[in-house]
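**Q** Sharing a structure here in structure tokens format.
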Amino acid sequence: MKKKADPTLPETFTLDNILTTFATDENARTFLESWIWPRGPVCPRCKQTDPLRVYRMECASVRAGVHNCKDCRRQFTVTVNTIFEDSHIPIRKWIIGLFLMAASKKGMSSLQFQRILGLGSYRTALFMTDRIRFVLQDGGPFERKIKGHVEIDECYYGPKTRKAGPGSKDKKVAVVGLVERETGQRRSYVLKRVSADGMAKMIDENVEDGATINTDASGLYDRIPTWYDHKSVNHVESSFSLLRRGVIGTFRSLTTKYLPLYVGEFDFRFNQRKVTDGERMVAMLKKTTGKRTTLKALKA
């Protein structure tokens with residue numbers, strides 16, 4: 001007899017079993033604690049982990065999920081110093097929202113987010129989705145310079161124009177993507193002004209010396225430093241197809257100010273494309289810690 005899959009394992013997550021497994025905030029909080037604190041509660045201030053010094057408060061007068069640190073003499077929950085801190089949105093809705101964004105290849109608009117989660121206002125949905133996008137793009141997907149064979153391509157976003165020639169892209173911003181062929185990982189940048197010198201500098205900052213760089217025949221790549229093996233072809237396969245479809249079909253239009261948030265979201269899903277939706281959601285969840293965000297920070 002085939003063993004039934006455990007519905008709490010990330011690789012088996014579907015929207016159906018998430019709605020069942022995390023039907024209550026208590027269940028959702030327990031799940032959150034198990035992934036953010038895999039070895040037990042950690043004080044967000046002094047980092048104390050000793051169970052004799054850090055413990056859950058079980059008093060009837062204290063709200064669920066509150067812990068106390070004897071060293072700091074402060075109370076805290078698992079949401080402290082995360083994007084969930086001071087949010088009035090139930091934790092179970094945050095988890096469902098993370099899964100929806102993890103599973104939506106072409107992205108999900110804030111209006112659709114609001115309808116599915118039953119949020120009170122569009123502003124709440126927008127702030128919620130922007131918080132998630134903020135932690136996905138902050139810091140970039142790489143901890144090192146990329147190496148080996150690197151493919152670079154760019155696409156442009158902005159108002160439509162009938163003008164042809166070099167000046168036709170003056171009012172558009174460029175999104176430049178660097179893909180490490182061996183790992184399939186991508187890092188993207190939003191550039192308001194694109195020049196051969198600026199492109200060469202960006203490549204030098206992100207690509208290891210001696211790497212082989214494949215680009216199209218654009219003049220933007222004419223000044224790539226000589227310590228790279230630069231190969232130019234007529235066409236480089238674009239990795240931005242889903243981002244283009246998301247902009248056209250899901251979001252309809254994006255302001256250049258917030259474009260980096262959306263680029264970061266699509267980069268994250270691209271780099272996590274070989275895992276299940278549930279595993280991608282847990283990877284998102286792990287990036288939410290240590291990155292408390294405010295409306296002021298997002299606008300900046």
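The values are calculated or read from the model by the stated rules, or taken from the named source; none is laboratory data. It should be emphasised that the depicted structure is a prediction, and the values quoted were computed from it without experimental measurement. Cβ: placed from backbone, ideal geometry, glycine included. Neighbour counts: every protein chain shown.
**Q** Evaluate the following for Cys72: is it without any contact (Cβ under 8 Å) to a residue 60 or more places away in the chain, surrounded by fewer than 19 Cβ atoms within 10 Å (Cβ to Cβ) and in contact with a Lys or Arg (Cβ under 8 Å, 6 or more places away or on another chain)?
**A** So Cys72 passes the test.
**Q** Quick test of your reading of the structure: Lys274 fulfils all but one of (1) at pLDDT 90 or above; (2) buried (at least 17 other Cβ atoms within 10 Å of the Cβ); (3) within 28 Å of Thr14 (Cβ to Cβ). Name the failing condition by number.
**A** Checking Lys274 against (1) at pLDDT 90 or above; (2) buried (at least 17 other Cβ atoms within 10 Å of the Cβ); (3) within 28 Å of Thr14 (Cβ to Cβ), the one that fails is (2).
**Q** Is it true that Phe113 is touching a Ser or Thr at 6+ places or on another chain (Cβ under 8 Å) and of a type in the set (Phe, Trp, Tyr)?
**A** yes
**Q** Condition first: at pLDDT 90 or above and part of a helix (DSSP H, G or I). Now tell me which residues in the range 132-151 satisfy that.
**A** Ile132, Arg133
**Q** Here is a list of conditions, (1) more than 17 Å from the chain's Cα centre (by Cα); (2) closer than 30 Å to Leu178 by Cα; (3) in a helix (DSSP H, G or I), and Glu154 meets all of them except one; can you say which number that is?
**A** Condition not satisfied by Glu154: (3).
**Q** I would also like to ask the following. Which condition breaks for Glu265 when tested against (1) farther than 16 Å from Ser104 by Cα; (2) at pLDDT 80 or above; (3) not aromatic (Phe, Trp, Tyr); (4) not in a loop (DSSP other than H, G, I, E, B)?
**A** Only one criterion is unmet by Glu265, namely (1).
**Q** Something else now. Is it the case, given these coordinates, that Glu33 is under 24 Å from the mean Cα position of the chain (by Cα), part of a helix (DSSP H, G or I), surrounded by 13 or more Cβ atoms within 10 Å (Cβ to Cβ) and not aliphatic (A, V, I, L, M)? I'd like the intermediate steps shown before the answer.
**A** Numbers: under 24 Å from the mean Cα position of the chain (by Cα): yes; part of a helix (DSSP H, G or I): yes; surrounded by 13 or more Cβ atoms within 10 Å (Cβ to Cβ): yes; not aliphatic (A, V, I, L, M): yes.
The answer is yes for Glu33.
**Q** Please go through the range 39-64 and pick out each residue that is of a type in the set (Lys, Arg) and closer than 13 Å to Gln75 by Cβ.
**A** Arg45, Arg56, Arg63
**Q** Also: List the number of the failed condition for Tyr55; all other conditions in (1) more than 18 Å from Ile132 (Cα to Cα); (2) of a type outside the set (S, T, N, Q); (3) part of a loop (DSSP other than H, G, I, E, B) hold.
**A** (3)
**Q** Which of the following residues is touching a helix residue (DSSP H, G or I) at 6+ places or on another chain (Cβ under 9 Å) and either under 26 Å from Gly246 (Cβ atoms) or at pLDDT below 90 (or both): Arg181, Arg186?
**A** Arg186 is the lone residue from the list that is touching a helix residue (DSSP H, G or I) at 6+ places or on another chain (Cβ under 9 Å) and either under 26 Å from Gly246 (Cβ atoms) or at pLDDT below 90 (or both).
Here's the yes/no breakdown for (1) farther than 18 Å from Gln75 by Cα; (2) among the hydrophobic types (A, V, I, L, M, F, W, C); (3) at pLDDT 90 or above:
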{"position": "Ala5", "(1), (2), (3)": "yes, yes, no"}
{"position": "Pro10", "(1), (2), (3)": "yes, no, no"}
{"position": "Thr21", "(1), (2), (3)": "yes, no, no"}
{"position": "Thr24", "(1), (2), (3)": "yes, no, yes"}
{"position": "Ala28", "(1), (2), (3)": "yes, yes, yes"}
{"position": "Leu32", "(1), (2), (3)": "no, yes, yes"}
{"position": "Trp37", "(1), (2), (3)": "no, yes, yes"}
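**Q** Further question: Counting only residues that are part of a loop (DSSP other than H, G, I, E, B) and surrounded by 15 or more Cβ atoms within 10 Å (Cβ to Cβ), which one in the range 36-47 is nearest to the chain's Cα centre (by Cα)?
**A** First, pick out the residues of the range 36-47 that are part of a loop (DSSP other than H, G, I, E, B): 37-47.
Remaining after also requiring surrounded by 15 or more Cβ atoms within 10 Å (Cβ to Cβ): 37, 41-44.
Numbers: Trp37: 21, Pro41: 25, Val42: 24, Cys43: 25, Pro44: 23 Å.
Filtering the range 36-47 for residues that are part of a loop (DSSP other than H, G, I, E, B) and surrounded by 15 or more Cβ atoms within 10 Å (Cβ to Cβ), the one nearest to the chain's Cα centre (by Cα) comes out as Trp37.
**Q** Here is a follow-up. Residues in the range 207-224 that are crowded, with 17+ Cβ neighbours inside 10 Å and part of a helix (DSSP H, G or I): how many?
**A** 2
**Q** Identify, please: which residue in the range 225-271 is without any contact (Cβ under 8 Å) to a residue 24 or more places away in the chain and in contact with an Asp or Glu (Cβ under 8 Å, 6 or more places away or on another chain) and is, among those, surrounded by the most Cβ atoms within 10 Å (Cβ to Cβ)?
**A** Selected residue: Ser232.
**Q** Can you find even one residue in the range 75-97 that is in a strand (DSSP E or B) and surrounded by fewer than 16 Cβ atoms within 10 Å (Cβ to Cβ)?
**A** yes
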